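Novice: Submitted below is the structure of interest, expressed as structure tokens.
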Amino acid sequence: VWTERYPDPRTKIHLNRNTPPCAGPGMWLTNRSRPATMGSFMRVIMVTLAMLPAASAFAPRSLAPRFVGGRRGVSEVFAAASASDLSLEGLTAKLEELVTAKNCGPILIRLSWHDAGVFADGNGLTGGCPNAAMRFTDGGEGAFGANAGLPDVALGLLEPITAKYVEDGGFLSHADLWTLAANVAIKVMGGPDVPTRFGRTDAKDSSESVESQVGRLPDGDKGSDHLRDIFQPKGFSDKDIVVLSGAHTVGECHLDRSGFDGPWTEEPLKFDNTYFKEMMAKSYDAETASQGCPQHRNADTKTIMLISDLALLEDPAFKPHVETYAADQSAFFKDFVSAWVKLQELGCTDLRKGP
């Protein structure tokens, strides 16, 4: 899957203390193909530019070394040179390949949801935004129990793309990549087109996490009052709560991550309105998963529903929306896109259409 059309941006020229002073910015050109008759001429030019005090000012724009955080390095120059290799179309294609090859769409959706879903403005809580703080596992969001499996499994799957487009290429932020990855996954699995805006700022370390998952991310073993306590401080209505719950139409619960066990639907890699249809059509028996978590399972298909899922049928304000989405997939898709984009942009400002 990861065969590249272009050289791997992670390939760097490492300079040591024995490297002559002229072997600084611009040496990347010595590894690029060029007509043999021009080789010596170009080397002379680049050595001369590298020795000038203000090489950036005299060099053509494409040759000027990049400065990141006040530090000049060969990898930054390489990133500038390969910028034309990076595009939103190319990134989207890579994400589509990943989701198709690894069947990892559900966990990418969960990654984006838990990154953005910590936002709150009510019930004594404030702050939080999609800032990719989960990539730091020394504390904070990367260590939340609710995020089990995300810093290692989800980010491990994204690592080759992250290396090219975020760490080396500087094409977009980690948080923007997670957002786009979820939206691509939704589409690949048969769901609606979800527009993605860019400009999220990454956390620099775990200290930029929110203080706790409590009151910010929902628990599967609680009912409708809990769902409102979690989602209303984010600005969501009863309809929004129901439609966002529809993301459970894909994926499954894993004992080692959530303590629950099983898929919600019979086709957990297909994004459609089956979650609502099965919820209304099937009966579910109460059981306790081996980790001690209460859940419900259909005896015939072995699919599950959590207490928080069945609360959508039991609450008189939630149930009409379940019925609507079970009967009309287009209505589900339309309302889901609206609520999902709102979720992904919680706490963000100055977002733009492209990276």
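Novice: Does THR137 satisfy the condition of being among the β-branched types (Val, Ile, Thr) and without any contact (Cβ under 8 Å) to a residue 12 or more places away in the chain?
Specialist: Values: among the β-branched types (Val, Ile, Thr): yes; without any contact (Cβ under 8 Å) to a residue 12 or more places away in the chain: no.
Considered against the rule, which asks whether it is among the β-branched types (Val, Ile, Thr) and without any contact (Cβ under 8 Å) to a residue 12 or more places away in the chain, THR137 comes out as no.
Novice: Given the conditions (1) open to solvent by 40 Å² or more (accessible area, probe 1.4 Å); (2) touching a residue at least 12 places away in the same chain (Cβ under 8 Å); (3) of a type in the set (Asp, Glu), report the number of the one that GLU211 does not fulfil.
Specialist: Here GLU211 meets the rest and fails (2).
Novice: Would you say ALA326 is modelled with pLDDT of 95 or more, open to solvent by less than 50 Å² (accessible area, probe 1.4 Å), closer than 30 Å to THR126 by Cβ and not polar (S, T, N, Q)?
Specialist: No, not satisfied.
Novice: Also, I was wondering about something else. One residue is enough: does the stretch 234-241 have a residue meeting the conditions within 15 Å of VAL322 (Cβ to Cβ) and β-branched (Val, Ile, Thr)?
Specialist: First pass over the stretch 234-241, keeping only residues within 15 Å of VAL322 (Cβ to Cβ): 237-241.
Then drop every residue that is not β-branched (Val, Ile, Thr), which leaves 241.
Checking the stretch 234-241: at least one residue is within 15 Å of VAL322 (Cβ to Cβ) and β-branched (Val, Ile, Thr).
Novice: If THR201 meets every condition in (1) touching a His at 6+ places or on another chain (Cβ under 6 Å); (2) part of a loop (DSSP other than H, G, I, E, B) apart from one, which number is that one?
Specialist: (1)
Novice: Every residue in the stretch 298-323 that is among the acidic types (Asp, Glu), loosely packed, with under 15 Cβ neighbours inside 10 Å and assigned to a loop (DSSP other than H, G, I, E, B), please.
Specialist: Passing the criteria: only ASP300.
Novice: Restricting attention to the stretch 243-285, which residues are open to solvent by 80 Å² or more (accessible area, probe 1.4 Å) and either within 22 Å of ALA317 (Cα to Cα) or not in a loop (DSSP other than H, G, I, E, B) (or both)?
Specialist: Correct list: GLU252, LYS277, MET280, ALA281, SER283, ASP285.
Novice: Tell me yes or no: at least one residue of the stretch 181-193 is small (Gly, Ala, Ser), more than 12 Å from GLY105 (Cα to Cα) and outside any helix (DSSP H, G or I).
Specialist: Looking through the stretch 181-193, none of the residues is small (Gly, Ala, Ser), more than 12 Å from GLY105 (Cα to Cα) and outside any helix (DSSP H, G or I).
Novice: Which numbered condition trips up LEU108, out of (1) buried (at least 21 other Cβ atoms within 10 Å of the Cβ); (2) modelled with pLDDT under 50?
Specialist: Result: LEU108 passes all but (2).
Novice: If you take the residues of the stretch 117-150 that are acidic (Asp, Glu) and touching a Ser or Thr at 6+ places or on another chain (Cβ under 9 Å), which of them is nearest to LEU351 (Cα to Cα)?
Specialist: Out of the qualifying residues, it is GLU141.
Novice: Return the pairs, sorted by first residue and then second, in which the second residue is assigned to a strand (DSSP E or B) and open to solvent by 40 Å² or more (accessible area, probe 1.4 Å), the first residue lies in the stretch 98-124 and is touching a residue at least 40 places away in the same chain (Cβ under 8 Å), the beta carbons are less than 9 Å apart, and the residues are 6+ apart or on different chains.
Specialist: Cβ pairs passing all conditions: PRO106/GLU252.
Novice: Taking into account only those residues within the stretch 111-144 that are open to solvent by less than 30 Å² (accessible area, probe 1.4 Å) and of a type in the set (Asp, Glu), which is nearest to LYS187 (Cα to Cα)?
Specialist: Top of the filtered list is ASP115.
Novice: If I ask for residues that are open to solvent by 40 Å² or more (accessible area, probe 1.4 Å), touching a residue at least 12 places away in the same chain (Cβ under 8 Å) and in contact with a strand residue (DSSP E or B) (Cβ under 9 Å, 6 or more places away or on another chain), which ones from the stretch 286-295 would you list?
Specialist: PRO294
Novice: Can you tell me which of LEU172, LEU158 is in a loop (DSSP other than H, G, I, E, B), within 15 Å of the chain's Cα centre (by Cα) and modelled with pLDDT of 95 or more?
Specialist: Working: LEU158 fails: in a loop (DSSP other than H, G, I, E, B).
Testing whether each residue is in a loop (DSSP other than H, G, I, E, B), within 15 Å of the chain's Cα centre (by Cα) and modelled with pLDDT of 95 or more leaves just LEU172.
Listed here are the residues, each with its yes/no results for (1) in contact with a Leu (Cβ under 8 Å, 6 or more places away or on another chain); (2) open to solvent by less than 20 Å² (accessible area, probe 1.4 Å); (3) without any contact (Cβ under 8 Å) to a residue 40 or more places away in the chain.
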site: ALA175; (1), (2), (3): no, yes, no
site: LEU180; (1), (2), (3): yes, yes, no
site: VAL184; (1), (2), (3): yes, yes, no
site: PRO192; (1), (2), (3): no, yes, no
site: THR201; (1), (2), (3): no, no, no
site: GLY215; (1), (2), (3): yes, no, no
site: PHE231; (1), (2), (3): yes, yes, yes
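Novice: If you scan the stretch 278-300, which residues turn out to be under 31 Å from the mean Cα position of the chain (by Cα) and of a type in the set (Ser, Thr, Tyr)?
Specialist: Residue satisfying the conditions is SER290 alone.
The values are calculated or read from the model by the stated rules, or taken from the named source; none is laboratory data. Here the structure is a predicted model, which means the values were calculated and not measured. We place every Cβ from the backbone using ideal geometry, glycine too, and count neighbours over all the protein chains shown. All accessible areas refer to the heavy atoms of the entire protein, side chains included, with ligands and DNA or RNA removed. Shrake-Rupley method; radii C 1.70, N 1.55, O 1.52, S 1.80 Å.
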